[in-house]
1. Look at Asp44 and say whether it is in contact (Cβ under 8 Å) with a residue 12 or more places away in the chain and of a type outside the set (Lys, Arg).
2. Are any of the residues in the stretch 16-32 modelled with pLDDT under 90, small (Gly, Ala, Ser) and part of a loop (DSSP other than H, G, I, E, B)?
3. Being surrounded by 10 or more Cβ atoms within 10 Å (Cβ to Cβ) and touching a Leu at 6+ places or on another chain (Cβ under 9 Å), is that true of even one residue in the stretch 89-110?
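The values are calculated or read from the model by the stated rules, or taken from the named source; none is laboratory data. Everything quoted here is computed from the prediction, not taken from an experiment. Because the Cβ atoms are built from the backbone with ideal geometry, glycine has one as well, and the counts that use them run over all protein chains shown.
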Amino acid sequence: MATTSDMAPGRKGGASKNTTPQRNTDPQGKERDLEAQVAQLQDDLKSITETLGKLTGDKVDEARSVAATELRELKRKGQHMLDEAQDQAEAVEKQLKDTIREKPLTAVATALGVGFVLALLTRH
């Protein structure tokens, strides 16, 4: 977390000065006091802007890092699921080939039956 001296580096020691307006009867003195206060306010605003910029940059970097970590994790999980699906497809294919080799007539009859049912379903 930023400290007071980080937020207002233009101020000495980070503590705020007593900016209570002093009674000055000299119009030019009042004008100088006002100009000094405006200048101090401008410096304070600049410091606040810089601090907010740093904080925003830190949060963006943190969010980017978290997103990159999550992306890597999702890729890893996706690859694992894909590998499992390929293994299962290979097992089903091997089982199907073995069944066709053991019972070729049953396989042909089943294929004809499935084809006939699909033809009936797609026919209007």
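1. On the way: in contact (Cβ under 8 Å) with a residue 12 or more places away in the chain: yes; of a type outside the set (Lys, Arg): yes.
Yes; evaluated as a whole, the condition is true for this residue.
2. Yes - at least one qualifying residue is present in the stretch 16-32.
3. Yes, that holds for at least one residue.
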